[in-house]
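Working notes, structure below.
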Amino acid sequence: MTEALTAFLEATVRTATPLAFAALGETVSERAGVINVGLEGVIIAGCFGALVGAQGGSVEMGLLGGVLGGAASAGVFALFVTWLRADQIITGTALTLGALGLTGTLYRSLFGTTGAALTIPTLRPIAIPVLSDLPLFGAAFFRQPVVTYLLYLLVGLVWWFLTRTHAGLALRAVGEQPEAAEAAGIRPARLQAAAVLVSGVLGGMAGASLVLAQVGTFTEGMSAGRGFIAIAIVALGRWRPLGVALAALLFGGATALQYLLQSMGTDLPYQLFLAFPYILTLVVLAAGSARVRAPAALGRRNITGH
Amino acid sequence: MTRLAPLRPSASVAPLVLTLALAIGIVALLAAILTLGGFNVGRAMTALVRGAGGSSYAIFSATLVRATPLILTGLAVALAFKAGILNIGAEGQLLTGAAVAAAVALGMGPSLGAGALVIALIAAAAGGALCAALPAWLQRRFGVLEVISTIMMNFIALYGVGYLVRGPLQEPTRAYPQSSAIPDATHLPILIPGTRLHVGFAIAVIATLAAWYVTRNLAAGFRLRVVGSNPSAAASAGGLDVPAVTFRVFLLSGALAGLAGGVELTGVTYALYENISPGYGYTAIAVALLAGLHPGLVLASGILLGALEAGAAAMQREAGVPLVLVSVVEALIILAIVGAQAFLSRRSAGSTGAGT
């Protein structure tokens, strides 16, 4: 039983890692007033970038490829939303549609349609001495691939940036009151574009960690709704980095639950477990949105100033 | 809730030159992607044109058959968007409609015959409406962003169908993840003898004309438009119950998408399986936006994108180009439209920017 629980907790942190990367990035862009429904597309672009990079021979190239893929797709979104001031939701939907199609097309044309999984270098778990020997949670949190440790650092870094720096304050001002921010000499569109690019880098990391640390290969549409779940995680985490990380853990647990229950043997249809994270998202959104307030200017597109 | 700024038919805002430039730009980008993927561009493009409209078979048995679910789901998305509801869940609503239609046709078909077909289609619409009811209720009661909730419903519906075709609705030999074929009496009749075009196309055309008439001439259509374009004015000056109107349009949108699923099942596939929709519900967004959310124009844009899908299928057969390339083209169409509209409205409004 303890073994099953340890395995469950490890799987929880492992599956939560890509979700947390994506949600952390989305937190930055939503605090600046931009909701990127195209996050799903950013993640799949990151996945594909990681595949292409890792095919180049090293896992580091994979990470770089993932980040570049995510940033490039978010760049397209930023261009439309902050420069052209196009509708955020529709642009994001198109980005997802396009990124899923483009990665699918390129994957089939570059790597063939045989369906044989490509073998690429992957990230192995690294045990941190002492900490990983802690009972129950030690292995779960401290015997993980390096990207998970990077994530721990980023949670703190994003918190520090948003709450303790001038740039972070300006970014939040843009998300709450763009007119006032502009009157104070801030250029909202430029700051929003930067925030979207940051979310692209982190969304790309989400894709890269999915490919390099979790699945070990690329399959079409492997993002499987994680971008949308990440947006729900941001709301559940109340737009705060630590809250978002904890919310990601909850969803990691919801996904890992299927492994735990499968190992225990159950008569419930497995589709129910597959659907569980999506059902949980609905419940969480209903429970969460009643009490918390999103950044005031979230989703607005009439922001001036470049 | 995030609301759309009113979208207008691009013809009224965009000069013909711009439309033409967008078309050329999209074709150029398509060619670039094909080149990048290492495909024979000339052969692929020829296959695309031939598969979409090169013969009467291509037109009646491929393009119009594929256009049918696109018109119905496109109509569902157009009406919702017009009322300010971002229903991205047409895919899940379509799947639910198809599943319900399959259950009714299999259950009642043997005893009721063609009567079961009518019940199946009505039940499919009801199933789609039910699938939209949860996001609609979550939005009204808790203010949950319907973009996310409808997408979640798409995944839930997909796994639901996956369960049905491996469980209660699986064919008796239990060898394949699909249902039995529905009885012949519950098939939608063929519209033009010698083709695969079924009565569902006529249903789609009638639905389009009805929606056009209602939104143009009746009070209900006026309410829908005013709630979508200016909810606060609709509530304060018009005395409209905005949440109630929104809720009803949301259900209607779901019903249309559910009907699309019922029509696809009884007119084309005759059995339920997981991949029954190649993403019609997502393509529907491109259909609706290309039509400028105009119900009448949905007919034209649905046929156009039906032609694109039929052509893409030929491109896959003859030039080995993956079918998923279609979604890239659709994304480009959507981006081109929202980009051009934003650009034009920004130019005409200067930098004052009306509030959304």
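Is it the case that some residue within the range A:60-75 is touching a helix residue (DSSP H, G or I) at 6+ places or on another chain (Cβ under 6 Å), aliphatic (A, V, I, L, M), closer than 28 Å to A:A181 by Cβ and modelled with pLDDT of 95 or more?
yes
Being touching a residue at least 40 places away in the same chain (Cβ under 8 Å), in a helix (DSSP H, G or I) and more than 27 Å from B:V41 (Cα to Cα) narrows it down to one of B:L305, B:L297, so name that one.
Within the list B:L305, B:L297, the selection yields B:L297.
Anything in the range A:133-173 that is among the hydroxyl-bearing types (S, T, Y) and crowded, with 17+ Cβ neighbours inside 10 Å? List them, or say none.
Correct list: A:T148 only.
Do you know which residues across the range B:330-352 are touching a helix residue (DSSP H, G or I) at 6+ places or on another chain (Cβ under 6 Å) and of a type outside the set (G, A, S)?
Result: B:E330, B:L332, B:I333, B:I334, B:L335, B:I337, B:V338, B:L344.
With the condition kept exactly as written, say whether any residue in the range A:180-194 is modelled with pLDDT under 90, assigned to a loop (DSSP other than H, G, I, E, B) and surrounded by 13 or more Cβ atoms within 10 Å (Cβ to Cβ).
yes
Among helices (runs of 4 or more DSSP H) lying entirely in the range A:1-104, which contain 2 or more residues that are within 13 Å of another protein chain (Cβ to nearest Cβ) and within 22 Å of B:Q341 (Cβ to Cβ)?
Of the helices (runs of 4 or more DSSP H) lying wholly inside the range A:1-104, those with at least 2 residues that are within 13 Å of another protein chain (Cβ to nearest Cβ) and within 22 Å of B:Q341 (Cβ to Cβ) span A:59-78.
I need every pair where a residue in the range B:79-99 that is away from chain A (no Cβ under 11 Å) and at positive phi has its Cβ under 8 Å from the Cβ of a residue that is surrounded by fewer than 24 Cβ atoms within 10 Å (Cβ to Cβ) and of a type in the set (D, E), sequence separation at least 6 or different chains.
none
Out of curiosity, is B:R166 within 30 Å of A:T93 (Cβ to Cβ), surrounded by fewer than 22 Cβ atoms within 10 Å (Cβ to Cβ), within 13 Å of chain A (Cβ to nearest Cβ) and at pLDDT below 95?
Spelling it out, it is not the case that B:R166 is within 30 Å of A:T93 (Cβ to Cβ), surrounded by fewer than 22 Cβ atoms within 10 Å (Cβ to Cβ), within 13 Å of chain A (Cβ to nearest Cβ) and at pLDDT below 95.
Does the range B:182-190 include one or more residues that are within 14 Å of another protein chain (Cβ to nearest Cβ), in a helix (DSSP H, G or I) and of a type in the set (A, V, I, L, M)?
Looking through the range B:182-190, none of the residues is within 14 Å of another protein chain (Cβ to nearest Cβ), in a helix (DSSP H, G or I) and of a type in the set (A, V, I, L, M).
Give the number of residues within the range B:313-327 that are buried (at least 24 other Cβ atoms within 10 Å of the Cβ) and either at the interface with another protein chain (Cβ under 10 Å from one of its Cβ atoms) or more than 19 Å from A:L110 (Cβ to Cβ) (or both).
Going through the range B:313-327 one residue at a time, the tally reaches 4.
Which one of these is away from chain A (no Cβ under 14 Å), more than 12 Å from the chain's Cα centre (by Cα) and under 15 Å from B:V77 (Cβ atoms): B:L272, B:L265, B:L297?
Selected residue: B:L297, the only one of B:L272, B:L265, B:L297 that is away from chain A (no Cβ under 14 Å), more than 12 Å from the chain's Cα centre (by Cα) and under 15 Å from B:V77 (Cβ atoms).
Would you mention how many residues in the range A:248-268 are within 14 Å of chain B (Cβ to nearest Cβ) and in contact with a helix residue (DSSP H, G or I) (Cβ under 6 Å, 6 or more places away or on another chain)?
Matching residues across the range A:248-268 total 4.
Do we find that B:F142 is within 9 Å of another protein chain (Cβ to nearest Cβ), surrounded by fewer than 23 Cβ atoms within 10 Å (Cβ to Cβ) and within 18 Å of the chain's Cα centre (by Cα) in this structure?
Taking the combined requirement at face value, the residue does not satisfy it.
Does the range A:76-124 hold any residues that are out of contact with any helix residue (DSSP H, G or I) (no Cβ under 6 Å at 6 or more places or on another chain), of a type in the set (A, V, I, L, M) and under 30 Å from A:L191 (Cβ atoms), and which are they?
A:V76, A:L79
Among the residues in the range B:318-326, are any in a helix (DSSP H, G or I), without any contact (Cβ under 8 Å) to a residue 60 or more places away in the chain and more than 30 Å from B:V144 (Cβ to Cβ)?
yes
Need pairs with beta-carbon distance below 6 Å; first residue more than 16 Å from A:G299 (Cβ to Cβ) and within the range A:166-182, second part of a helix (DSSP H, G or I) and of a type in the set (F, W, Y); sequence gap 6+ or separate chains.
Here the result reads A:G168/A:F161, each pair linking the range A:166-182 to a residue that is part of a helix (DSSP H, G or I) and of a type in the set (F, W, Y).
Taking B:Y159 and the conditions (1) more than 9 Å from chain A (Cβ to nearest Cβ); (2) in a helix (DSSP H, G or I); (3) surrounded by 19 or more Cβ atoms within 10 Å (Cβ to Cβ), which numbered condition does it fall short on, given that it satisfies the others?
Evaluating B:Y159 over (1) more than 9 Å from chain A (Cβ to nearest Cβ); (2) in a helix (DSSP H, G or I); (3) surrounded by 19 or more Cβ atoms within 10 Å (Cβ to Cβ) leaves (1) as the failure.
Working only within the range A:207-261, note down all residues that are assigned to a loop (DSSP other than H, G, I, E, B), under 28 Å from A:E60 (Cβ atoms) and of a type in the set (G, A, S).
Once the filter is applied, which keeps residues that are assigned to a loop (DSSP other than H, G, I, E, B), under 28 Å from A:E60 (Cβ atoms) and of a type in the set (G, A, S), the range A:207-261 yields A:G216, A:G221, A:S223, A:A224.
Listed here are the residues, each with its yes/no results for (1) closer than 16 Å to B:A98 by Cα; (2) in contact with a helix residue (DSSP H, G or I) (Cβ under 8 Å, 6 or more places away or on another chain); (3) β-branched (V, I, T); (4) in contact (Cβ under 8 Å) with a residue 60 or more places away in the chain.
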residue	(1), (2), (3), (4)
B:Q139	no, yes, no, yes
B:L145	no, yes, no, yes
B:A157	yes, yes, no, yes
B:A185	no, yes, no, yes
B:L188	yes, yes, no, yes
B:P193	no, no, no, no
B:R196	no, yes, no, yes
B:A202	no, no, no, no
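The values are calculated or read from the model by the stated rules, or taken from the named source; none is laboratory data. Since this is a predicted model, take the numbers as computed values, not measurements. In this analysis, Cβ positions are derived from the backbone assuming ideal geometry, glycine residues included, and neighbour counts consider all displayed protein chains.
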